[in-house]
Amino acid sequence: MASDGPRDVVILGSTGSIGTQAIDLVERNPGRFRVSGLSAAGGRVGLLAEQAWRLRVRTVAVAREDVVPQLRKDLSERYGNGEPLPEILAGADAATQLAASECHTVLNGITGSIGLAPTLAALEAGRTLALANKESLIVGGPLVKALAKPGQIIPVDSEHAALFQALASGTRSDVRKLVVTASGGPFRGRTKEELANVAPADALAHPTWAMGPVITINSATLVNKGLEVIEAHLLYDIPFERIEVVVHPQSYVHSMVEFTDGSTIAQATPPDMRGPIAIGLGWPERVPDAAPAFDWSKASSWEFFPLDNDAFPSVGLARHVGELAGTAPAVFNAANEECVDAFLNGALPFNGIMETVTKVVAEHGSPRTGTPLTVADVLEAETWARARARELTQAQKTQHTLRTTQTTTAEAGA
């Protein structure tokens, strides 16, 4: 452990899956880490107040201004004896303000492209960025890379934490290929036709990981893996044609690096996000017992299968938008988020998610070249993509209703 005391950490998205596991890690290692600030959207105010009280943070940020009275009340009930309450930041920019505050490391565990502004703020302030919010890198790739100094971003995705560690085994010029593993999700082995009528409950039943609904659906469509391919390209400057996806149902090997001499270095642990979180918060030191290790006294089988690009076209589409660059990745991500929401609400079939996203990407076309990407460009592209995805979804829903009505009328007439 470093001799200069605990490392001050800010956790963005503290009430989500990444945030709660990060707090578990911090509380088990009080000599290594100290949390100075927490942010959350505002849907779980009681939990946010409980976390702030347990960790005695300086600042709490919440995106929803309407929950501030309840947050202050919940904090007051926990703090006593005249102990001052933490500072409260509220509003759409609260997490961004917190990301620039005084600390060593910012863990960005926010879900979605709203994490872009906090990512940029943390980098600009010179903080080490433990990045679990892959969307901010994907939609704002050039912006993020322009601000990031070498070694300033530590990836927290299990796949990219694995690549990060495996790449330490050789020089970048010796890398032949990055191999990103995928569990295959709940629908591994099914054909495109067999996926036509799957229900949201089926798609939310991930066989390996416990995650939020958006990420879980993205794992079912393998959009999550497509986003990780783009992220790997941006993080490690490896061309898309040298980034491969392999299905590994057990999720023991989190990713691999193949070197030019034929050696492949794999990073493996039982499925548990506390390991990658510990890498993000503690690097270059490792945190003892951050996550479970393998029990080598028990037999186990590890399988690897090629990706079925026909059933899961999302990875190929992600490569395409990654190569287009500019605002194309933002369009892909935003359209997908809208389609996932439509699927969860019964307004779009499972295969309709990628069919609609593909249409939106095609309509967006090739981004303009010759001018640097700006945050305004990203936001404008996202707004357009969301609106267009909703229009296409509504049109498909209307057509489905019309066909159903016609079929019912025909059957009644027969």
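Of the strands (runs of 3 or more DSSP E) lying entirely inside region 1-107, those carrying at least 2 residues that are closer than 18 Å to ASN133 by Cβ and among the aliphatic types (A, V, I, L, M) are 7-12, 33-40, 59-62.
Residues that are modelled with pLDDT under 95 and surrounded by fewer than 21 Cβ atoms within 10 Å (Cβ to Cβ) do not occur anywhere in region 118-139.
Scoring SER136 on the criteria (1) assigned by TED's automatic domain parsing to the domain that holds VAL253; (2) among the polar types (S, T, N, Q); (3) touching a residue at least 12 places away in the same chain (Cβ under 8 Å) leaves a single failure, condition (1). Per the conditions (1) part of a helix (DSSP H, G or I); (2) assigned by TED's automatic domain parsing to the domain that holds LEU307, the sole criterion not satisfied by ARG190 is (1).
Elements of the type helices (runs of 4 or more DSSP H) sitting completely within region 201-311 and holding at least 3 residues that are at pLDDT 95 or above, not acidic (Asp, Glu) and not assigned by TED's automatic domain parsing to the domain that holds HIS104: these cover 223-236, 274-282.
Filter region 1-33 down to the residues that are buried (at least 19 other Cβ atoms within 10 Å of the Cβ) and charged (D, E, K, R) and list them by number. Selection gives ARG7, ARG32.
Of all residues in region 220-240, those that are surrounded by fewer than 24 Cβ atoms within 10 Å (Cβ to Cβ) and among the hydroxyl-bearing types (Ser, Thr, Tyr) total 1.
Filtering region 309-331 to residues that are hydrophobic (A, V, I, L, M, F, W, C) and either surrounded by fewer than 24 Cβ atoms within 10 Å (Cβ to Cβ) or in contact (Cβ under 8 Å) with a residue 60 or more places away in the chain (or both) leaves ALA311, PHE312, VAL315, LEU317, ALA318, VAL321, LEU324, ALA325, ALA328, ALA330.
Taking the numbered list (1) more than 32 Å from the chain's Cα centre (by Cα); (2) at pLDDT 90 or above in turn, ALA381 passes all entries but (1).
The values are calculated or read from the model by the stated rules, or taken from the named source; none is laboratory data. Computed from a predicted structure; not experimentally measured. Every residue, glycine among them, receives a Cβ derived from its backbone with ideal geometry; neighbour counts consider all protein chains shown.
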